[in-house]
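Computed from the coordinates by the stated procedures, all read-outs in this text should not be read as laboratory data. Keep in mind that this is a model prediction, so the values were computed, not measured. Neighbour counts are summed over all protein chains in view; Cβ atoms, including those assigned to glycine, are modelled from backbone coordinates with ideal geometry.
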Amino acid sequence: MFDHAERRGRLSDRLRAEGVDILFLGLSADLEYLSGVERGIPFFGQSSYAHGWVAGGFFRPGADPVFVLPRMVAAFDLPVTPDGEIVVVDENDDGFAIFERVAKGLGRPSTVAVGDRVWAETTLNLGRVFGFDRLRTGSSLVNELRRIKTPEELEVMGRACRTVERAMEAVAPRVQPGVSMIELVEEVERQLRTAGSMTPSFATHIFTGLDPDSLDSSTHTARMPMPEGTSVMFDFGGVVDGYCADFGRTVVAGEPSRELLDA
C-alpha cells in the first residue's frame, strides 16, 4: 500500500543533509513508516524475548536497510517481509557478537543516530560498537518526513476515523439506564474490531464525570449501573493500517434532564 522505498529515499536525503551515516531504529512507528515492519499491539507489561534488545533496523544513505531481529520477533511478529537484509538472532546465539558483526559490517561511521524508542541496552551496545561520542538522537530525522501526509496516508486516516464512527453508532443504543461503564467499554472494543480496527489506539475510557461520585470505567465504579438521565462521555480510538484515530462523544442514558437540555 505505502511506497516504503520512496520514504527511505527521502530519509537518505535527510541523513546526507544532517551528516548522519547510520540511523538505528527499534520496533516503533518510525520503523514501520520506513519499512512496513509492524509495531506490536500495546498491552500491559512487556514481553521479554531472548536478545530482545537487538530488535530494529539500520538505515544508511543510498543503501538497503539491515534488520536484526530475535527469532521470536521474526517468527511471530513479522507478517510481511520487509525489503533489505534480515539477520535473525536465535535464543542460543551470542546476541552482542551478532549485533556487533552486523553493525561493523556497515562501515566506519562518523555519526550514528539512534531512535528515541530504542532500549537503553541497545544504545549502550551501539556506543560500545561505534563509540559513544559518535551517537546522537535520531527520531527527529524521521519525524520531519512523517509530518506531511501523502494522499494514501490521508485515505487510511479517513478509514480509521470512519471505523470509530461506526463503532460509536453501534454502541450508542446501548447507553441505557442500568448499563455499566465496563459493559460499554467491552461493547466499544468489540464494535471497533467488527468495524476493522486492529486494536484500540489507547485505553478506552468511558465515564460520567471527574468528581469522586462519577461512574468511571477505570475506577471501582466501573461495574455500577447508571441511573436514568446520566450523561456518558466516550473517549476511545482505533487503528487502521498503522494509523490512529482519536474520538470523543457524549450520550445521555434515557431522557436527558432539564439541566442538560438547558445547558
Distance between modelled label sites at D262 and H220, nm, 7 Å Cα→Cβ extension: 3.5 nm
Computed E for E186/R147 - FRET, C-beta separation, R0 35 angstrom, nearest 0.05: 0.45
Cα shape, the chain, gyration tensor, a/c 1.5 rule: prolate
Rounded tilt (10° steps) of 120-130 against the dominant C-alpha axis of the chain: 20 degrees
Neighbour net charge for F96 - beta-carbon separation under 15 angstrom, K R +1, D E -1: -3
FRET efficiency estimate (nearest 0.05) - Cβ-Cβ, A17 to A75, R0 41 angstrom: 0.65
Nearest-20 debye value, the chain charge dipole, Cβ charges on Lys, Arg, Asp, Glu: 820 debye
Global geometry of segment 91-240, whether rounded, prolate or oblate, following the gyration tensor of its Cα atoms and the 1.5 cut on a/c: prolate
Whole-Å semi-axes of segment 4-146's equivalent ellipsoid (Cα gyration tensor): 22, 18, 14
Rounded to 5, percent antiparallel among DSSP beta bridges of segment 40-165: 25 percent
Helix-only mean residue ellipticity at 222 nm for the chain, each DSSP H run of n ≥ 4 adding -39500 (n - 2.57), per residue, nearest 500: -11000 deg cm²/dmol
